[in-house]
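Single-structure report; data block below.
The values are calculated or read from the model by the stated rules, or taken from the named source; none is laboratory data. Remember, predicted model here, so these are calculated numbers, not experimental data. So basically every Cβ, Gly included, is an ideal-geometry build from the backbone, and we count neighbours across all protein chains shown.
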Amino acid sequence: MNSFYDGEGNNIVIESEMNASVLDYLTDAFNTAICVGDSVTEGVGSVSDYNKVKNYSYPTRLAKMTGWTIENAGKAGLTALQWWQQIFANYDYSQYQVALIELGLNNGLTDTLETDCAGNDYTAFADTNTGGYCKIVEGIKAQNENIFIVLLISSGIGATTKDVINKIGEKYNLPVIDLTDRTYMNLAESKYHPVLSGGNVDYIHLNIMGYLAKAKLIHLGLGEAINNNVANINSMLTVIASAE
């Protein structure tokens with residue numbers, strides 16, 4: 001079953017597809033988002049058709065489902081630390097209402113959260129992938145305290161990295177959408193992945209239908225995450241509305 005942190009440290013489980021699908025209308029609460037990530041955010045199909053799938057990336061599909069204006073800030077091949085070092089400064093996070101973060105496929109995250117992300121100055125966090133991930137979260141919040149941040153666990157990600165992302169969700173009271181969950185569809189199925197020359201399947205990247213399926217899972221997860229944070233989100237949106 002899909003599970004999410006509700007923003008108060010509680011793990012919430014969706015028990016049926018109906019429970020999730022009736023809540024996805026809640027994404028209407030927002031208008032803009034930025035998707036932080038690597039190749040599976042950017043929309044890479046595989047090494048052999050690197051650019052062919054990008055127009056069908058999950059941010060593109062999710063934009064159609066939600067009506068949001070979405071910035072695809074995925075960059076293939078980057079670790080969490082590299083994204084912080086090379087990409088973070090390119091964006092003004094005050095312009096977005098939602099930030100989806102999906103990092104950790106490249107070189108993973110180490111279970112060193114307490115030491116790598118200690119202290120009150122996030123810019124002084126360790127130059128590790130775990131430290132870089134936390135720098136991204138805190139850096140976004142530093143620019144926009146009213147942004148709704150959601151963490152994504154990639155399909156095919158390692159067990160340690162998955163555990164660390166959940167711990168980061170707990171640390172910052174952020175919802176976590178687990179895309180390795182198989183309640184509604186199994187993104188690990190070969191039909192959702194590109195076939196390389198020689199017939200081998202690339203089980204990391206997705207094909208066009210795979211990114212569509214991924215976007216739908218995220219859409220369902222967002223509805224549940226928003227439902228579990230209605231009071232906080234209402235406060236965020238009230239602040240935004242008062243500034244308009």
Counted residues in the stretch 12-55 being of a type in the set (G, A, S) and modelled with pLDDT of 95 or more come to 2
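Take the stretch 85-116 and flag every residue that is among the β-branched types (V, I, T), closer than 13 Å to K135 by Cα and either out of contact with any Leu (no Cβ under 9 Å at 6 or more places or on another chain) or without any contact (Cβ under 8 Å) to a residue 60 or more places away in the chain (or both).
Answer for the stretch 85-116, where residues must be among the β-branched types (V, I, T), closer than 13 Å to K135 by Cα and either out of contact with any Leu (no Cβ under 9 Å at 6 or more places or on another chain) or without any contact (Cβ under 8 Å) to a residue 60 or more places away in the chain (or both): just I87.
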Across the stretch 180-195, the tally of residues that are crowded, with 22+ Cβ neighbours inside 10 Å and part of a helix (DSSP H, G or I) stands at 1
Within the stretch 188-244, the residues that are over 20 Å from V98 (Cα atoms) and acidic (D, E) are E189, D202
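Could you run through the stretch 61-82 and say how many residues are under 14 Å from V40 (Cα atoms) and either in contact with a strand residue (DSSP E or B) (Cβ under 7 Å, 6 or more places away or on another chain) or part of a helix (DSSP H, G or I) (or both)?
Final tally of qualifying residues: 6.
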Pairing a residue in the stretch 118-131 that is closer than 16 Å to G104 by Cβ with any residue that is surrounded by 12 or more Cβ atoms within 10 Å (Cβ to Cβ) and of a type in the set (S, T, N, Q), where Cβ atoms lie under 6 Å and the two sit 6 or more apart in sequence or on different chains, gives N129/T79; N129/N107; T130/T110; T130/T112
ask   = Of the residues that make up the stretch 134-142, is at least one free of Cβ contacts under 8 Å to residues at least 24 places away in the same chain and crowded, with 21+ Cβ neighbours inside 10 Å?
value = no
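Restricting to the stretch 196-221, and then to whatever is without any contact (Cβ under 8 Å) to a residue 40 or more places away in the chain and over 18 Å from K64 (Cα atoms), can you tell me which residue is surrounded by the most Cβ atoms within 10 Å (Cβ to Cβ)?
Our first condition is that a residue be without any contact (Cβ under 8 Å) to a residue 40 or more places away in the chain; within the stretch 196-221, this holds for 198-201, 209-210, 213.
Retained after the next criterion (residues that are over 18 Å from K64 (Cα atoms)): 198-201.
On the way: G198: 6, G199: 6, N200: 10, V201: 15.
Result: V201.
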When every residue in the stretch 143-172 that is part of a loop (DSSP other than H, G, I, E, B) and touching a helix residue (DSSP H, G or I) at 6+ places or on another chain (Cβ under 9 Å) is compared, the one surrounded by the fewest Cβ atoms within 10 Å (Cβ to Cβ) is E145
